[in-house]
1. I want to check the label-to-label distance for ARG86 and TRP279. Put each point 7 Å from Cα in the C-beta direction and report it in nm to one decimal.
2. What are the trypsin sites (Lys or Arg not before Pro) within the stretch 156-189 that DSSP puts in a loop, where the Cβ has at most 15 other Cβ atoms within 10 Å?
3. How do TRP112, TRP181 stack up against each other in accessible area, from largest to smallest, with a 1.4 angstrom probe?
4. Would you tell me the accessible area of HIS169, worked out with a 1.4 angstrom probe on the heavy atoms of the protein chains, in Å² to the nearest 10?
5. Stretched out fully, how many nm does the piece from VAL204 to SER134 gain, at 0.36 nm a residue minus the Cα gap?
6. Classify the stretch 79-183: rounded, prolate or oblate, from the alpha-carbon gyration tensor (a ≥ b ≥ c, eigenvalue square roots; a/c under 1.5 rounded; otherwise prolate if a/b is larger than b/c)?
7. Given the whole protein assembly as supplied and a 1.4 Å probe, what does the accessible area of GLU264 come to in Å², nearest 10?
8. Return a single number: how many Lys pairs in the stretch 1-120, at a sequence separation of 8 or more or on separate chains, have alpha-carbon atoms below 26 angstrom apart.
Amino acid sequence: MKLIAPAESPLFQLGENGPVSTDRQFLERSAFRFAQSDFYKIDITETEPIKGNFSNVARERLSGTVLGPTNRHDYQRRLRNLYEQRFSRRMSFPEFERKIEIVSDPEIVEKWKEEARKVTTFSTVREDPPQTFSSANEAEKHFEKHYLSGLVRTISEVTIDGPASRHMHDRVLDRVIEKEWSIQSKSPSPMMQELAGRFREAGVHVFRHRKGMLFVSSIFPRPLTDQQTAVSSQVRTIVDAISASPRIGRKELADKLIVDLSGEEADRAKLALASDLIWLISAGHVIEFNDGSLDLPRIKVKPKEGADSSVVAAVSAAEKGDGADAEVPENAATQQLPAEKENERAAAEAADKEARVEAGAPSAEELPASAEKSEDVVAATLSAAEPDKQVLGTSTSTTEETEIGGS
């Protein structure tokens, strides 16, 4: 998925491949949490089991973090560290203290004992000799002093893979992407247009086959007709057999065409059949699907000329007249019944839409007004003053192997 922002409301990214946000301050505040593994080696060791009997422990209600007994020597340090890391920007310290509760559940007490045995240290990986910090709070202060400056960069567009786009840290971008995913799930036509264009650029063709399914192939399907190509009787026999049994397999085709032969004669017939099939497939006259089945490209039926349908309709009306002297109107060749006109118009629109899809362009009714100015992206608008109303242009693309959709 590609995100594009206008110049007046740029995007911000942490490092070259880090999280993306519309709020620079949010990235700066969360930079240590997102990038600590790139700058520090984190080691977790276990100390001796904690001795003593503890009947209750303190727990922070919002996050569920167990801080330990209130009379333990490191309680105040753990309390202050939790506040600095997660709540200092949301509330004052006295307000935070009111969120602490005392619990006497034996299971929670034992859980705290196990967690208290673990000691986490942070060692720098870009300094020689490395520095080691005994708490995340100390490591974060070192990070802000030495690494944060220049780490957040301004960008105008960014491409994000599918899984990452579903776990955005920025709420504005998360809402925009979720909305786009919902639209694509309901009507994937824009995604299909994007895929068709990308496939066409790579020399891969998109075409419709039975039941309107869309397929991709490196060979463009070309129906074999007598007027276009003169072929041998053996090739014509193969085409007729596939036409009579659509989605037939190679083995079934050989069994159907090679009968009453044995020995070297049967081997020569199989080689000749394989050679003819290779030519038919490479020329696009036969489609070989990923499951090994064979079929012929479908032939588009063009709408009948208006004059012919008008004459037929007029003659039919004359034949149903009451008298023998019923006459065909002089302008029968130029008249059409409303139903005939509507059918022809619908057929023409359907053919045009199919042609545009296979060519990688959106159909006429799906082409937005802004698409006339840009075929690649949707115009993006971000308002720093009204973050809840921000809209970001997105361009979605995915890739599948052979069968990419249906209608």
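1. The answer from the label model is 7.4 nm.
2. Listed in order of number, the matching sites are ARG166.
3. Numbers: TRP112 5, TRP181 65 Å².
If we order TRP112, TRP181 from most to least accessible, we get TRP181, TRP112.
4. About 90 Å², ignoring ligands and nucleic acids.
5. In short, 19.5 nm is gained.
6. Note, shape of the stretch 79-183 comes out oblate.
7. Approximately 130 Å² of GLU264 is accessible to the 1.4 Å probe.
8. Lysine pairs satisfying the spacing and distance rule in the stretch 1-120 number 9.
The values are calculated or read from the model by the stated rules, or taken from the named source; none is laboratory data. Just so we're clear, the structure is a prediction, and the values are computed from it rather than from any experiment. Neighbour counts run over all protein chains shown; Cβ positions are idealised from the backbone, glycine included. Just so you know, the surface numbers come from the protein's heavy atoms only, side chains and all, with ligands and any DNA or RNA stripped out. Shrake-Rupley method; radii C 1.70, N 1.55, O 1.52, S 1.80 Å.
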